[in-house]
Amino acid sequence: MTRSVRIGVQIQPQHAPDYGLIRDAVLRAEDAGVDIVFNWDHFYPLYGDPAGAHFECWTMLGAFAEQTERVEIGALVTCAGYRNPDLLADMARTVDHISGGRLILGIGSGWFERDYDEYGYDFGTKGSRLDLLAEYLPRITARFGKLEPAPTRHIPILIGGGGEKRTLPLVAQYGDIWHSFSDIETHARKSGILADRCADHGRNPDTIAHSTSWPGSDEAAAYVDAGVTLFTVGTSGPDFDLTELKEAIAWRDENTPPPLSGLA
């Protein structure tokens, strides 16, 4: 399976006291030619002033769905432990319909302890959070099959993380997109492990798109050679500077053919 390179932007919903700044950033990103607009699933800023402005993820995705016309949208990534998985599946199905079939369900096990403590969730351990993710993924996919109306398409599931014993087997079983936080050498090694886990499920590893953060124009081609076809640029409020995003889009247009319609 041959995939074209796609560029995403993560509009980090922090330090923007006026939601209009986020709305404008989404508009500017779509106009610039981005393929996917992500946000993130946190309740407080991850850097800068910890008491700074912040907005909630999934409410915002509903607004993205109404505002945009072409781009896919999603969270990079949703924390599994913040919502009942059947409810999350229903939320995803609803945003899928609002957007006309442009939602990607990004999900991970969670890590930001302040979110858990301030909102009354049990932080537990890394292992217990992965246990929840492993429990919730089959519940989410099962709920998709029970909802009326059904999702408009197979909603692609993006799983973030690189744990070799727990996360990669979940990617092999449930993921359509694997988002890696690794350097290129580690990514290549873990790609081989993912392929082995796909074999455990009788799955062609080429059916899973590989995703990572934008490494810059000088390094992007090497990542593509290693199998990465989705790069995401992050930008934060209040300015939401898209300079780096535009550089990534220009690199895509100069070095790769037009994208396929969708990742899955």
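Each reported figure results from applying straightforward, stated rules to the coordinates on display, with no laboratory input. Since we're looking at a predicted model, the values are computed, not measured. Glycine gets a Cβ as well: all are built from the backbone with ideal geometry, and neighbour counts include every protein chain shown.
Among DSSP beta bridges lying fully in the stretch 6-255, give the percent that are antiparallel, nearest 5.
Antiparallel bridges make up about 5 percent of those DSSP assigns within the stretch 6-255.
Highest mobility in the GNM of the chain, judged by mean-square fluctuation with C-alpha springs under 10 Å and restricted to Pro13, Pro205, Pro156, is found for Pro205. The HN-Hα couplings worked out from phi for the stretch 101-113 by the Karplus form 6.51 cos²θ - 1.76 cosθ + 1.60 (θ = phi - 60°) are x, 10, 8, 10, 8, x, 8, x, 7, x, 7, 8, 4 Hz, whole numbers, x standing for Gly and Pro.
Under 5 Å between amide hydrogens, built in the peptide plane, is the criterion, and for Gly163 it picks out Leu168 among residues at least 5 positions away or on other chains.
Label-to-label distance for Tyr119 and Ile193 is 2.8 nm, based on points extended 7 Å past Cα in the beta-carbon direction. Sorted ascending by nearby beta carbons within 10 Å, beginning with the fewest, Trp214, Trp111 become Trp111, Trp214. The relative contact order of the chain comes to 24 percent, based on Cα pairs under 8 Å that sit 6 or more residues apart.
Over the stretch 102-148, one equal point on each Cα, no solvent: what is log10 I(q)/I(0) by the Debye formula at q = 0.17 Å⁻¹? Values returned for q = 0.17 Å⁻¹ are -0.63.
The trypsin sites (Lys or Arg not before Pro) of the stretch 77-158 meeting both criteria, a DSSP state outside H, G, I, E and B (loop) and at most 12 other C-beta atoms within 10 angstrom of the site's C-beta, are Lys146.
The H on the amide N of Ala75, modeled in the peptide plane, is under 5 Å from the matching H of Asn39, Gly106, each at least 5 residues off or on a different chain.
Backbone geometry of the stretch 89-98 corresponds, through the Karplus equation with coefficients 6.51, -1.76 and 1.60 at θ = phi - 60°, to 3J(HN,Hα) couplings of 4, 5, 4, 5, 4, 5, 5, 4, 5, 4 Hz, x marking Gly and Pro.
Restriction of the trypsin sites (Lys or Arg not before Pro) in the stretch 162-228 to DSSP coil positions whose beta-carbon has at most 10 other beta-carbons within 10 angstrom yields Lys165. Note on the chain: with charges restricted to the Cβ of Lys and Arg (+1) and Asp and Glu (-1), its dipole about the Cα centre is near 920 debye. Dipole size of the stretch 23-122 about its Cα centre, with +1 on Lys/Arg Cβ and -1 on Asp/Glu Cβ: approximately 220 debye, rounded to the nearest 20.
When shorter helices are ignored and each DSSP H run of at least 4 residues is given -39500 (n - 2.57), the per-residue value for the chain at 222 nm works out to -13500 deg cm²/dmol. Just checking the listed ones, Ser213, Ser182, Ser109: in the Gaussian network model of the chain with Cα springs under 10 Å, the one fluctuating most is Ser182. Here's the list of lysines a cross-link from Lys126 could span, going by alpha-carbon distance under 21 Å and ignoring same-chain residues fewer than 8 apart: Lys165, Lys190. Measuring max minus min along each principal axis, the C-alpha atoms of the stretch 6-255 give extents of 46, 44, 37 Å (largest first).
The Kirkwood radius of the stretch 1-134, taken over pairs of alpha-carbon atoms, gives through the Stokes-Einstein law at 25 °C and 0.890 mPa s a diffusion coefficient of 157 µm² s⁻¹. Working note: Karplus 6.51/-1.76/1.60 with θ = phi - 60° gives the stretch 186-195 the couplings 5, 4, 4, 5, 6, 4, x, 5, 4, 4 Hz, where Gly and Pro are set to x.
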